[in-house]
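I have placed the structure first, in the form of structure tokens, so that the comments after it can refer back to it.
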Amino acid sequence: MRLDVISIFPEYLAPLDLSLIGKARRDGLLDLHVHDLRDFAHDRHRTVDDSPYGGGAGMVMKAGPWSEAIDHVVTQGASALGEPAAVPTLVVPGPGGEPFTQQIARELADEPWLAFACGRYEGIDERVYEWAGERMPVRVLSLGDYVLNGGEVAVLAMVEAVARLLPGVIGNAESLVEESHEDGLLEYPVYTKPAEWDGRAVPEVLLGGNHRAIAAWRQEQRVQRTAARRPDLLPPAAAAAGLRELEER
Ligand code: ADE
């Protein structure tokens with residue numbers, strides 16, 4: 001998979017050299033390119049922002065540097081892929097976007113080429129979204145209902161969530177199946193040695209080797225945990241039943 005990231009803080013993306021994502025790059029599974037938006041500003045101060053039309057606080061990112069940077073990514077990427085007509089899916093992280101979920105991570109993992117545009121300040125001139133949308137698929141995605149200073153941290157999270165789904169990135173592919181959000185329930189609690197720590201015992205059922213009983217216990221834990229922490233993930237009746245069970249304990 002090819003990934004391009006455009007940012008005014010390219011150094012922010014340095015963690016993508018570490019751990020499993022760094023290894024995936026070295027193994028040739030991920031072809032990641034980071035671009036400095038300021039390289040596409042042409043004045044002495046390499047200006048990428050200006051005050052908002054209509055007034056208001058803060059600054060808005062200018063359309064010109066963004067369209068040039070995206071054009072550059074498209075040209076360079078299409079040539080590297082040997083497909084002159086290829087375009088990436090453009091992902092723009094922002095608090096006003098569609099919620100980024102495991103389902104969206106799976107959809108993005110199926111794409112051959114993603115480009116990420118990291119906005120800062122009060123956002124990017126709206127015309128960039130229109131312009132880009134006429135040339136490539138554009139997805140505005142939010143990490144959650146809170147505000148970050150820019151898209152870089154969101155890109156780190158999204159790239160990790162997507163890249164780990166690519167074949168070969170995670171050594172043990174089974175660990176991808178039994179995870180929170182893969183089937184709509186949160187993960188069950190896990191324990192390791194010692195069997196007693198701080199006066200707290202590991203649940204008896206996990207020590208017995210009865211795999212059927214262990215699977216049933218884990219499933220029950222998943223439902224209870226989901227009802228307690230994320231009732232929004234359960235059908236309403238199941239959420240209510242799970243909560244009743246918790247209250248009765
Ligand atoms: N940029 C600023 N806030 C963000 C958020 N919540 N999600 C994604 N990108 C952002």
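The values are calculated or read from the model by the stated rules, or taken from the named source; none is laboratory data. Everything quoted here is computed from the prediction, not taken from an experiment. Please note: Cβ atoms are built from the backbone with ideal geometry, for glycine as well, and neighbour counts cover all protein chains shown.
Quick check on the range 144-162: of everything there that is within 12 Å of the ligand (Cβ to nearest atom) and among the charged types (D, E, K, R), which residue is surrounded by the fewest Cβ atoms within 10 Å (Cβ to Cβ)? The selected residue is Asp145.
The listed residues are Leu165, Leu141, and the only one of them that is part of a loop (DSSP other than H, G, I, E, B), surrounded by 14 or more Cβ atoms within 10 Å (Cβ to Cβ) and not hydroxyl-bearing (Ser, Thr, Tyr) turns out to be Leu165. Within the range 66-87, residues that are touching a residue at least 60 places away in the same chain (Cβ under 8 Å) and part of a helix (DSSP H, G or I) have Cβ atoms under 7 Å from residues that are surrounded by 15 or more Cβ atoms within 10 Å (Cβ to Cβ) and among the acidic types (Asp, Glu) in these pairs: Val73/Asp4; Gly77/Asp4, counting only partners at least 6 apart in sequence or on another chain. The sole residue among Val87, Val140 that is away from the ligand (no atom under 14 Å from the Cβ), within 18 Å of Asp4 (Cβ to Cβ) and β-branched (Val, Ile, Thr) is Val87.
Out of (1) among the hydrophobic types (A, V, I, L, M, F, W, C); (2) surrounded by fewer than 17 Cβ atoms within 10 Å (Cβ to Cβ); (3) farther than 19 Å from Glu152 by Cα, the odd one out for Met59 is which? Exception for Met59: condition (3). Of His45, His72, His35, all but one fail to be modelled with pLDDT of 95 or more and within 20 Å of the chain's Cα centre (by Cα); the exception is His35.
The residues of the range 190-249 that are in contact with a Phe, Trp or Tyr (Cβ under 6 Å, 6 or more places away or on another chain) and in contact (Cβ under 8 Å) with a residue 24 or more places away in the chain, listed by number, are Arg218, Gln221, Arg222.
Condition check for Ala109 on (1) farther than 22 Å from Ala69 by Cβ; (2) of a type outside the set (S, T, N, Q); (3) within 14 Å of the ligand (Cβ to nearest atom); (4) surrounded by 15 or more Cβ atoms within 10 Å (Cβ to Cβ): one failure, at (3).
Here Pro137, Pro203 are screened, and the one residue that is over 14 Å from the mean Cα position of the chain (by Cα) and more than 30 Å from Glu11 (Cβ to Cβ) is Pro203. With respect to (1) touching a Ser or Thr at 6+ places or on another chain (Cβ under 6 Å); (2) without any contact (Cβ under 8 Å) to a residue 12 or more places away in the chain, the lone exception for Arg46 is condition (1).
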